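Rule-based calculations on the coordinates, nothing more; no lab input. Note that the structure is predicted; figures quoted are calculated from it, not measured. Every residue, glycine as well, gets a Cβ built from its backbone with ideal geometry; the counts of neighbours run over all protein chains shown.
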Amino acid sequence: MADAVWVRRLGAENLDWLDELDYSESAPAPEVQSRRALFVLNKMDEILAWERRKEIERDTKFVPLGHYLCEVRAMRGTGRAVLEGGGSEVL
């Protein structure tokens, strides 16, 4: 409800003024600062490289996790409980 009031306050109920806008002249192109552009692109590359390294690191953590899960599953099938110290106990 508040959005409708806000739109009416902006004059959206009468949009005839849009027809009067002149679109033939486009805005001038922004001035490009090549040093700043290179800086921004390099920062983006650094962030993407960091993200790739973190993905690889995370993927390598899943390998030992999978081994541990398989070990726990194997122990459950034999009636043994896996202890915190790495040992097992017959239940």
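Okay, here's what the table says:
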| read-out | value |
| --- | --- |
| Computed lengthening from N42 to A29, 0.36 nm per intervening residue step minus Cα-Cα distance | 2.4 nm |
| Label-point separation in nm, D59 to R73, each point 7 Å along Cα→Cβ | 2.1 nm |
